[in-house]
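Working notes, structure below.
The values are calculated or read from the model by the stated rules, or taken from the named source; none is laboratory data. Note that the coordinates shown come from a computational prediction; the quantities given were computed from them, not determined experimentally. Don't worry about glycine lacking a Cβ; one is built from the backbone with ideal geometry, like all the others, and counts go over all protein chains shown. Heads up: the accessible areas ignore ligands, DNA and RNA and are worked out on the full protein's heavy atoms, side chains in. Shrake-Rupley method; radii C 1.70, N 1.55, O 1.52, S 1.80 Å.
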Amino acid sequence: MATLLLLRHGRTTANADGGLAGRQPVELDDTGRAQAAAVGERLRGLPLATVVTSPLIRCRQTLELALPQAAPVVEEGLIECGYGAWEGQPLKKLAKEPLWPVVQQHPSAVVFPAGESMAAMAARAVAAVRTWDARVTAEHGPEAVWLACSHGDVIKAIVADALGVHLDLFQRIVADPASVTAIRYTPLRPFLVRLNDTGGDLAALVPPPPKRRRRASRRADSDAAVGGGAGAAG
């Protein structure tokens, strides 16, 4: 199957101020723009078959800086969790809410006031990337690489699914701004190839081309090497 690169948007003004942006139209700050440009250098040269993005402006800004030649497709399934009445609130204030420890320890049970449940967020995000991955594989082949730009909690939920762990454990996963996480889905299981990478060489994530089948005349030699030739001892 194809290789999925999950890119978190760069740092925003809300990240810098310690607020919960949610689905508000917050934009990248200077640090975030620099992060987007830097990850663009790391992504340069990768043969990205498709680029999809959350509809929120911070993701679109990240891609405009990182991959200016790309034409991202908006995927609603990758939008940030709907935090409802929590959106725009300082994290220090939210940490005093009775719901806060539940978010940290039992997120699968959380429904944000006037917002979305974390379980629903995880389900639609996982469905979105798995659907896109199957489409990219069908159209471009199993060696294809594609990229999805999204948000911290969304990426963590996708990673938890790939690892086969319960959503209640997803707070143990880290997805920093402008980090790259790589997942390769297969018919039997997903493989987490890279997690929260903020500085490594990404060229190694491109799968090698499939090996050409050996000719029949050489296959016999290969078999002999494994099973022993005519003169080999029992």
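Assigned to a loop (DSSP other than H, G, I, E, B), touching a Gly at 6+ places or on another chain (Cβ under 9 Å) and open to solvent by 10 Å² or more (accessible area, probe 1.4 Å): is that true of Pro68 in this structure?
Taking the combined requirement at face value, the residue satisfies it.
Of these, Gly18, Gly45, Gly84, which one is surrounded by fewer than 19 Cβ atoms within 10 Å (Cβ to Cβ), on the phi > 0 side of the Ramachandran plot and touching a strand residue (DSSP E or B) at 6+ places or on another chain (Cβ under 8 Å)? Give the derivation first.
Values: Gly45 fails: touching a strand residue (DSSP E or B) at 6+ places or on another chain (Cβ under 8 Å); Gly84 fails: touching a strand residue (DSSP E or B) at 6+ places or on another chain (Cβ under 8 Å).
The match here is Gly18.
For segment 21-42: of the residues being of a type outside the set (Val, Ile, Thr) and assigned to a loop (DSSP other than H, G, I, E, B), which is surrounded by the fewest Cβ atoms within 10 Å (Cβ to Cβ)?
Checking each candidate, the answer is Pro25.
Going by the structure shown, is Ala95 under 30 Å from Ala2 (Cα atoms), of a type in the set (A, V, I, L, M) and surrounded by fewer than 14 Cβ atoms within 10 Å (Cβ to Cβ)?
no
Suppose we filter Thr181, Thr186 for residues that are among the β-branched types (Val, Ile, Thr) and out of contact with any strand residue (DSSP E or B) (no Cβ under 7 Å at 6 or more places or on another chain); which single one remains?
The conditions single out Thr186.
Return the residues of segment 138-153 that are open to solvent by 20 Å² or more (accessible area, probe 1.4 Å) and either out of contact with any Asp or Glu (no Cβ under 9 Å at 6 or more places or on another chain) or among the hydrophobic types (A, V, I, L, M, F, W, C) (or both); say none if nothing qualifies.
Across segment 138-153, the qualifying residues are Ala138, Glu139, His140, Pro142, Glu143.
Across segment 178-196, what is the total count of residues that are without any contact (Cβ under 8 Å) to a residue 60 or more places away in the chain and more than 11 Å from the chain's Cα centre (by Cα)?
Summing the residues that are without any contact (Cβ under 8 Å) to a residue 60 or more places away in the chain and more than 11 Å from the chain's Cα centre (by Cα) in segment 178-196 gives 4.
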